[in-house]
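Reading through the structure tokens given below for one structure.
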Amino acid sequence: MLLALCASAVGVHGAHAGSRKRSNRAAALAFLERRLHRYEQATWHWQRLTGRPLTQTAGRRLAGLAVSDLAQTVGVWERRAHAAHRAAQHPPHLRQWMCIHHYEGAWTDVGAPYWGGLQMSLSFQARYGGWLLRRKGTADHWTPLEQIWTAEKALRSRGFWPWPNTARLCGLI
């Protein structure tokens with residue numbers, strides 16, 4: 001009788017341990033999925049801002065990954081996010097944009113018909129920074145870096161001509 005009682009107690013304890021393992025695994029997966037999502041979004045934000053192609057997810061199914069594999073994937077995306085952020089900190093024409101900004105408005109300038117530190121019109125914002133305009137509103141709500149990268153996109157096709165007076169003062173045209 002005592003032997004049967006001990007055997008049943010071990011069986012119950014083993015069932016709880018298995019349940020606890022599944023619960024811990026599910027919690028670990030949920031935590032890692034949240035971190036992965038955050039790093040993916042950060043990577044894509046900086047890539048979109050700088051005009052680089054967005055890194056694809058390779059169509060993986062997170063539910064099928066082991067915790068260690070998911071942790072490794074999170075590490076890869078964390079490095080991508082940091083690299084994309086570092087690259088975004090160095091716009092190619094930063095000195096020129098800072099000169100133009102010196103003669104234009106404050107980074108938070110709300111005076112229509114031009115917004116932000118580079119005095120961008122609404123149509124300019126929509127054309128070169130449409131996703132930012134939809135997400136954050138007018139350029140006065142964007143960071144200086146977002147405003148500069150939006151201007152970089154315009155520079156590729158229009159040069160410094162959207163800022164004819166200040167670009168002349170800066171010796172750019």
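The values are calculated or read from the model by the stated rules, or taken from the named source; none is laboratory data. On a predicted model such as this, the values are computed, not experimentally measured, just so you know. Virtual Cβ from ideal backbone geometry, glycine too; neighbours counted across all protein chains shown.
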Give me a count of the residues in segment 46-70 that are touching a residue at least 24 places away in the same chain (Cβ under 8 Å) and either within 25 Å of residue 92 (Cβ to Cβ) or hydroxyl-bearing (Ser, Thr, Tyr) (or both). 8
How about segment 19-56: which of its residues are over 15 Å from residue 85 (Cβ atoms), surrounded by 15 or more Cβ atoms within 10 Å (Cβ to Cβ) and of a type in the set (A, V, I, L, M)? 29, 32, 36
For residue 103, indicate whether it is in contact with a Ser or Thr (Cβ under 6 Å, 6 or more places away or on another chain) and hydroxyl-bearing (Ser, Thr, Tyr). yes
Residue by residue through segment 117-173, note down the ones that are surrounded by fewer than 19 Cβ atoms within 10 Å (Cβ to Cβ), among the aliphatic types (A, V, I, L, M) and not in a helix (DSSP H, G or I). 172, 173
Of (1) under 17 Å from residue 47 (Cβ atoms); (2) of a type in the set (Gly, Ala, Ser); (3) not in a helix (DSSP H, G or I), residue 106 satisfies all except one. Which? (1)
Among 122, 62, 94, 118, the single one that is modelled with pLDDT of 95 or more, in contact with a helix residue (DSSP H, G or I) (Cβ under 6 Å, 6 or more places away or on another chain) and not small (Gly, Ala, Ser) is 118
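Here is a yes/no grid of residues against (1) under 27 Å from residue 127 (Cα atoms); (2) not in a helix (DSSP H, G or I):
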| position | (1), (2) |
| --- | --- |
| 19 | no, no |
| 26 | no, no |
| 30 | no, no |
| 34 | no, no |
| 46 | yes, no |
| 59 | no, yes |
| 69 | no, no |
| 76 | no, no |
| 87 | yes, no |
Kindly provide the set of residues from segment 1-45 that are small (Gly, Ala, Ser) and at pLDDT 65 or above, ordered by number. 17, 18, 19, 23, 26, 27, 28, 30, 42
Top-ranked residue of segment 71-98 - restricted to ones that are among the hydrophobic types (A, V, I, L, M, F, W, C) and surrounded by fewer than 18 Cβ atoms within 10 Å (Cβ to Cβ), ranked as nearest to residue 28 (Cα to Cα): 71
